[in-house]
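Colleague: Once you've had a glance at the structure underneath, I'll fire off some questions.
FYI, it's all coordinate maths here, none of it is from the lab. From a predicted model like this one, the values you see are computed outputs, not experimental measurements. Positions of Cβ are backbone-derived with ideal geometry, glycine not excepted, and every protein chain shown enters the neighbour counts.
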Amino acid sequence: MLCVLCALVLQERTAQWKECVFSPVAARLALTDNVREIGIYSLASGGIVKTSTIRVDGAFDLVWNRDGTSLAWRSDTGRASVWHHDRVRTISRDSYPSLPSKISGLTLSADGKRVFVGMEDGVDEVLVAGGVVRSYRLPQSQEVTLARARQGYVLAGGNSCMEIDETSQRVLHRFATKGYVSSIAPSPNGQIAALLEFPLKVEVQTVGKKGHSFIAWSGNGYPGGICWSPNGKYVALVYSDLHGKARDATRSVVLLLRATDWHVVAKTVLPDPSAGRPSFSSSSAIVAVAGNRGVSFWAASTLKPIALHEVSK
């Protein structure tokens, strides 16, 4: 079923929300315009209830810790920031010379006290309160993507992927992938990882000694982002669609896959080639995606637009 986006978009005067991610424990949504600021949107009140206390120098890859008390993001200038309560701490080369000039990915520990910073040759584990604790290096230089997992985090670089315990930094599982990993979505039970790859496809990896992989879906376009619903029933992904004679990406597609048989349950098109990664609410009932035209909400099982309040500054 194809649902063309119809309503519930954010109209900004100077900048648009570019990325959004739901809190894992509350009906709150973190938003960034990638340029100036971070906002927290409440579904209960239908408005922005808090904004960051410092001017944001670019913000990408928003990620919450497990209980939703800390929020982290990275910038294009080689900084990682963590927002806890009303204080924002910034981690950069000014304080830690070993950090790279470019951060390719990051994630938070479960308690929000440590941030894992991805770079071209591995990961640095940094205490939010200060100090580099440990480093994990890859055998060859490649841009690293990170995602939180049940026991720690999943690290992907090029055509390889591994799950690392956040306490011991021990590699729990290691597997090769069939394409270049763009985005990772570990399952809530920690037994499966859905990987959005280039050329465009979704590869499903089961972990463990007898782990195996298969291609669950493939298409034509550029990968955006992927996420798993907290109840484990669905996987949502966003990609820039290639269509027409020019084969230009002029729109984004939001796709919903059923995690039991990997059939396409629903599909909707956004007239925006640069829509951000999708995010499920903690109840698994809502999917949100931000882009140049604003933030849109859909019912998670059907991708039908939901008539929530407009998200605005």
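Colleague: Could you state the orientation-averaged shadow area of the convex hull built on the Cα atoms of segment 126-235, in nm² to one decimal?
Modeller: On the way: hull surface 31.0 nm².
Result: a mean projected hull area of 7.7 nm².
Colleague: Let me ask something else about it. Applying a 10 Å radius around every beta-carbon, put 84-92, 251-259, 273-281 in order of their mean neighbour count, most first.
Modeller: Numbers: 84-92: 14.4, 251-259: 20.4, 273-281: 22.7.
So the peptides 84-92, 251-259, 273-281, ranked by packing, come out 273-281, 251-259, 84-92.
Colleague: With θ set to phi - 60°, apply the Karplus curve 6.51 cos²θ - 1.76 cosθ + 1.60 along segment 221-233 and write out the HN-Hα couplings as whole Hz, x wherever there is a Gly or Pro.
Modeller: For segment 221-233, the Karplus-derived couplings read x, 10, x, x, x, 9, 8, 10, 5, x, 7, x, 7 Hz, x marking Gly and Pro.
Colleague: With each pseudo-label sitting 7 Å past Cα toward Cβ, what's the Q169-V25 distance in nm, one decimal?
Modeller: 2.8
Colleague: Could you work out how far apart the two model spin labels at F214 and W262 are, taking each label as a point 7 Å from the Cα in the direction of the beta carbon, and quote it in nm?
Modeller: According to this spin-label approximation, the distance is 0.6 nm.
Colleague: What are the semi-axes of the equivalent ellipsoid for segment 168-302, taken as the square roots of 5 times the Cα gyration tensor eigenvalues, largest first, in whole Å? Provide the component values of the computation, followed by the final result.
Modeller: Working: eigenvalues 126, 65, 32 Å².
Equivalent-ellipsoid dimensions as semi-axes: 25, 18, 13 Å.
Colleague: Give me the Debye-computed log₁₀ of I(q)/I(0) at q = 0.16, 0.20 Å⁻¹ for segment 82-186, equal point scatterers on Cα only, no solvent, two decimals.
Modeller: Summing over Cα pairs of segment 82-186 leads to -0.66, -1.02.
Colleague: Between F198 and R93, what length comes free when the chain is fully extended (0.36 nm per residue of separation minus the Cα-Cα distance, one decimal in nm)? Don't skip to the end; give the middle numbers.
Modeller: On the way: separation 105, 0.36 × 105 = 37.80 nm, distance 3.10 nm.
Between F198 and R93, full extension yields an extra 34.7 nm.
Colleague: Please compute the contact order of segment 257-305 in relative form: average sequence separation of alpha-carbon pairs under 8 Å and at least six residues apart, divided by the residue count, as a percent. Please list the in-between numbers first.
Modeller: Details: 66 pairs, mean separation 13.8, N = 49.
Taking the mean separation of contacting Cα pairs over the length of segment 257-305, I get 28 percent.
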